[in-house]
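Since every read-out is calculated from the coordinates, none of them should be taken as a lab result. What you see is a predicted model, and the numbers here were worked out from it, not measured in a lab. Every residue, glycine as well, gets a Cβ built from its backbone with ideal geometry; the counts of neighbours run over all protein chains shown.
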Amino acid sequence: MEKLTAKEEEVLGFFWKQGPMFVKDIVEMYDDPKPHFNTISTIVRTLEEKGYVGHTQHGKSYQYHAVVAEQDMGKKSLSSVIGRYFKNSYISVVSSFLEDGNIPVEDLRRLLDEVEKSHDGNK
């Protein structure tokens, strides 16, 4: 899947929050001054071309919906960041978080315990 612009991510977020919508519904989610209908329509169609959104036809209108789950998108984005900035080293990522104090050592120990229990349970 292609990368998204900030506006495309914003619109995709509306689908995750609200579920299926028509373009007019998306326009209404914005504060004034609202973006033009055609602008939002173009963004939604681009999201569909990129494989993030699908549609259902209702008469002459289309109701759009996300086809990519928010959690899946988060995993994909995280993998991309780790690949780009940490040379695909998950150890470097965890080390960075530990050094910056973003993950307390106790949380890391608890996570390791959970992983070990899960791994032992799969044998």
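Couple of notes before you dig in:
- Dimensions of the chain based on its C-alpha atoms, expressed as ranges along the principal axes with the largest first, amount to 55, 34, 25 Å.
- Spatially, region 44-67 and region 70-123 are offset by 34 Å when compared through their Cα centroids.
- When the helices of the chain are scored as -39500 (n - 2.57) per DSSP H run of n ≥ 4 and the total is divided over every residue, the value at 222 nm lands at -20000 deg cm²/dmol.
- Each of ILE91, ILE82, ILE40 has some number of other Cβ atoms within 10 Å of its Cβ, and from fewest to most they run ILE91, ILE82, ILE40.
- Count of Lys pairs (Cα-Cα under 15 Å; at least 8 positions apart or interchain) in the chain: 8
- Shape class of region 70-121 from the Cα gyration tensor (axes a ≥ b ≥ c, square roots of the eigenvalues): oblate, since a/c reaches 1.5 or more and a/b does not exceed b/c.
- Candidates per trypsin sites (Lys or Arg not before Pro) in region 1-34, loop by DSSP, up to 10 other Cβ within 10 Å: LYS3
- Comparing ILE82, ALA66, GLY51 along the charge dipole axis of the chain, the residue lying farthest to the positive side is GLY51, per the Cβ-charge model.
- Rounded to whole Hz, the Karplus (6.51, -1.76, 1.60) HN-Hα couplings of region 62-69, x for glycine and proline: 10, 9, 9, 8, 6, 10, 10, 6
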